[in-house]
Amino acid sequence: MKSFQKKIILFLKGLMMGIADLIPGISGGTIALITNIYEELIHSINSISLGSFINLKNKGIKYFWKEINGKFLFPVFFGIIFSVFFFSKIISWLLINEPVSLWSFFFAITISSFYYFYEKIGDIKFLHYFLIFIGAVFSLIFTISINLNISPNYFYIFISGFIAITAMILPGISGSYLLLILGVYPLIIKSLNDLQSFIFKFNSEIFINSFNILLLFFLGAIVGLKIMSKYISKILYKYPKKTLSFLLGLMIGSVHKLWPWQNNIDSSDLLMFKNKSIVLPNKYDGPPELIKAFVFMVLGSILFFTLSRLKKFK
């Protein structure tokens, strides 16, 4: 496969990761695992250090680019940043207006991805099943029990970025859902949308406020990403099958957050998504849209198997 085609595929995988990170309930790390770039992504991020930038100064851009695996990282991160910035409004609209279709699509992707883990783990022993169970219990408790109501300030936004990125690079724990728990998800989505609006409306006051919020959030995310990638990289290298077993458990324990039919317990803010009850389609408050749900589940499954066929092209 030609170099340009590989870059396009990496960009598309990053694009999918960014879209997933916008949606409460699914993790960009899950997409990275499905598309077989997770381990290389973690190791590449971990390779970036102060020494890398010293080498940039002393040995030049080519040495630095090779040291940090830039040919891999750049298209992936460009795809993530592109999708987060340009798809935030679309995702916000879909979450409110087409929830059944959206959740059906990602529910099918996540369920289908369990196949990847079994293939990757290989010979599953009792310890692997135990780690799957522990991961599932931890994820289930985490996603149903924690609920914070704190008025965010600039320092809190920085800390939220630090915490959320940890979830975003861990399959099974949604960074966006964690932002909901922390109470800053609507603020971050609004800031992204306002930044897009600035391109057309040129409102400097809105731009400065949104820029400050996002700058602090992403600074926190960068610090968290670097710190967490170091530990995840070491664990993946030392205990690959055990780590994947635990990550599979995290995904199993959180998949209930992607169930397409969930009723709002508190309808005061549709973008919060914290107070939801899982119901059968016939108990759903809106139209159950079973045919549409089935179609999007099929599309999600097709996308997963298409991505998994491309997994050798990292």
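Looking at segment 192-211, I want the residues that are within 12 Å of F86 (Cα to Cα) and have a partner that is modelled with pLDDT of 80 or more and not in a helix (DSSP H, G or I) with Cβ atoms under 6 Å, at least 6 apart or on another chain. Which pairs are those?
As it stands, the answer is none, since no pair meets every condition given.
Restricting attention to segment 73-120, which residues are under 26 Å from S47 (Cβ atoms) and crowded, with 20+ Cβ neighbours inside 10 Å?
Passing the criteria: P75, V76, G79, I80, S83, V84, Y116, F117.
Which of (1) at pLDDT below 85; (2) closer than 21 Å to L41 by Cα; (3) surrounded by fewer than 20 Cβ atoms within 10 Å (Cβ to Cβ); (4) among the aliphatic types (A, V, I, L, M) is the odd one out, the single condition L219 does not satisfy?
It is condition (1) that L219 fails.
Would you point out which residue out of F72, F85 is aromatic (F, W, Y), in a helix (DSSP H, G or I) and within 16 Å of the chain's Cα centre (by Cα)?
F85
Does I222 meet the test of being over 30 Å from Q196 (Cβ atoms), within 18 Å of the chain's Cα centre (by Cα) and of a type in the set (A, V, I, L, M)?
For I222, the condition - over 30 Å from Q196 (Cβ atoms), within 18 Å of the chain's Cα centre (by Cα) and of a type in the set (A, V, I, L, M) - is not met.
Quick one: how many residues across segment 54-113 are of a type in the set (D, E) and without any contact (Cβ under 8 Å) to a residue 12 or more places away in the chain?
Residues in segment 54-113 being of a type in the set (D, E) and without any contact (Cβ under 8 Å) to a residue 12 or more places away in the chain: 1 in total.
The values are calculated or read from the model by the stated rules, or taken from the named source; none is laboratory data. On a predicted model such as this, the values are computed, not experimentally measured, just so you know. Because the Cβ atoms are built from the backbone with ideal geometry, glycine has one as well, and the counts that use them run over all protein chains shown.
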